[in-house]
1. Is it fair to say Leu198 is in a strand (DSSP E or B), within 16 Å of the ligand (Cβ to nearest atom) and under 29 Å from Arg297 (Cα atoms)?
2. Can Arg340 be described as assigned to a helix (DSSP H, G or I), modelled with pLDDT under 95 and within 29 Å of Gly31 (Cα to Cα)?
3. Counting only residues that are within 30 Å of Arg256 (Cα to Cα) and in a helix (DSSP H, G or I), how many does the stretch 68-90 have?
4. Among the residues of the stretch 73-90 satisfying the criterion of being in contact with a Leu (Cβ under 8 Å, 6 or more places away or on another chain) and of a type in the set (A, V, I, L, M), which is nearest to the ligand (Cβ to nearest atom)?
5. Just the residues that are away from the ligand (no atom under 16 Å from the Cβ) and either assigned by TED's automatic domain parsing to the domain that holds Thr143 or farther than 11 Å from Asp288 by Cβ (or both), please, taken from the stretch 223-238.
6. Does Asp294 count as out of contact with any strand residue (DSSP E or B) (no Cβ under 6 Å at 6 or more places or on another chain) and farther than 26 Å from Arg141 by Cα?
7. Condition (residue is in contact (Cβ under 8 Å) with a residue 12 or more places away in the chain, among the hydrophobic types (A, V, I, L, M, F, W, C), within 16 Å of the ligand (Cβ to nearest atom) and not assigned by TED's automatic domain parsing to the domain that holds Ile276) applied to the stretch 164-185: is it met by at least one residue?
8. Of the residues in the stretch 115-160, how many are among the polar types (S, T, N, Q) and in contact with a Phe, Trp or Tyr (Cβ under 6 Å, 6 or more places away or on another chain)?
Amino acid sequence: MSDHIRTPATLITGANGEMGHGLIERLAKEGNQNVIAIDVRPVDDEIKAKCGAILVGDILDARLMERLASEYEIHTIYHLAALLSTRAEFMPEAAHRVNVEGTMYLLKLAIEQSRWQGAPVKFLFPSSIAVYGLPSLEVKRKTGKVKEHEWNQPVTMYGCNKLYCEHLGRYYTKHYRQLAADAEKAGVDFRAIRFPGLISAVTVPSGGTSDYAPEMLHAAAQGKSYACFVRQDVRIPLMAMPDAITALLALQDAPREDLSHSVYNIGSFNPSAGEIRAIVLRAFPDADIQFSPDDKRQAIVDSWPEDVDDSAARADWGLAPAYDERRAFEEYLIPVIRKRYHTH
Ligand code: AKB
């Protein structure tokens, strides 16, 4: 690398997570060779080969951020690193550091890069249905689909962190240093999606509270017993991982002037845990899936909506999930999982 030219790059934090895997695969297929991947853990080999550079380190490490700023000209940031909802409850202060301070570091990097480039860096942020907090099951059932501005009273540290970071993103986009004589011209182009529970056929999540759906399926495919930690009637919105990646890329691609929100709901299907069990049993008839609800994790899922109104995403940037419930299981999850675990 020349001393004066920084390498153009797309930055992905949390690259070794579920969504990082899917996103890096898809960007590589599209011919993007400039991905800089960051994760606190060493990145899996199959992902490594698809990135321009890998940095193993903590997003809270100021020196790592300085190194990024000095070596790369970053046009787009996918800030995927986070401690999910269950894990965050075991160490709320650490979760706040990773989820909020980490996001601040990345937003600061984005604004500095925007200044250098004279154009706003795009900042794609995965938020979550965890930003919602419905007060009771009765209200949850009566409410049905929630709109983005409704019930923003999260009950988890992770949900609070995500909601606050959505506001930070809006602040960095529209109001950063608003009193300064040389007020920011470039700013950051922050765009967020509130993801539902995601199900991937190739990776198993860790530390989340929507994890019962993928866990049930992956356990059945491996012939392992599974005790589901929520009741059978629990219902939240879900989505197949390929559709989540497509949505992230579509929002990234959308012309700024088409975006009426900085944060969008997206959803696809919303079976109850009992219905998921029935679908899984049809594919793996010997599976041993029991229900053994954990009252506390259950209460977290009960505070999340049973469905989301994603009409803004459909209207503004063409959200159109390819996988409804039937296609997600029959054409993606079950066949790919069978291949993965060599089950027939
Ligand atoms: C979690 O369960 O914490 C995540 C989420 C819903 O954001 N999967």
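1. The answer is yes for Leu198.
2. So Arg340 passes the test.
3. Matching residues across the stretch 68-90 total 4.
4. Leu80
5. Arg231, Gln232, Asp233, listed by residue number.
6. Against the criterion (out of contact with any strand residue (DSSP E or B) (no Cβ under 6 Å at 6 or more places or on another chain) and farther than 26 Å from Arg141 by Cα), Asp294 does not qualify.
7. yes
8. Going residue by residue through the stretch 115-160, those that are among the polar types (S, T, N, Q) are 117, 127-128, 136, 143, 152-153, 156.
With in contact with a Phe, Trp or Tyr (Cβ under 6 Å, 6 or more places away or on another chain) added as a condition, the list becomes 128.
Total meeting the criteria: 1.
The values are calculated or read from the model by the stated rules, or taken from the named source; none is laboratory data. Treat the numbers as computed from the prediction; the structure is a model and nothing was measured. Ideal geometry is used to build each Cβ from the backbone, glycine not excepted, and the neighbour counts take in all protein chains shown.
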